[in-house]
Amino acid sequence: MPVHERITYRIAIDASLCNGCNNCTTACPVNAVLGEDERFDTEEDPRVIAIKNGVAVVINPFRCDGDGVCMIVCPQNCISIEFIPLDEYIEVERETSKT
């Protein structure tokens, strides 16, 4: 199945509530599949979420598979996942590819 048909969710984190516990990054199934990767501190970071400067940040929001595990393990309730219509995802991808 092409990526644009599979990815229909976007994750957001309220950094003002995040305590940097790292629960979300370790629970994320997309991050887990990636395993240890030396590129994590470069512009090519493939993870959905990472801890940067002591708080969780979204690195690749459209890689989120929408399973919600990160929301469940977050003690601060600072993570939300929203449905993204396929046409909006395709438009974002088109704009990204133009740059």
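Tell me, what is the FRET efficiency for Cys21 and Glu95 to the nearest 0.05, using R0 = 41 angstrom and their Cβ-Cβ distance as r?
Numbers: r = 34 Å, r/R0 = 0.82.
It comes to 0.75.
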Cut-off under 5 Å, modelled amide H: who pairs with Ala56 long-range: Gly20
So, in nm, how far is label Asp87 from label Val57 when the simple model puts each one 7 Å beyond its Cα toward the Cβ? 3.4 nm
Residue by residue through the stretch 44-52, which ³J(HN,Hα) values in whole Hz follow from phi under the Karplus form 6.51 cos²θ - 1.76 cosθ + 1.60 (θ = phi - 60°), with glycine and proline marked x? 9, 4, x, 5, 6, 10, 8, 8, 10
Calculated FRET efficiency, Glu44 and Asp14, Cβ-Cβ r, R0 30 Å, to nearest 0.05? 0.70
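FYI, it's all coordinate maths here, none of it is from the lab. Not measured: the values here are computed from a predicted model. Virtual Cβ from ideal backbone geometry, glycine too; neighbours counted across all protein chains shown.
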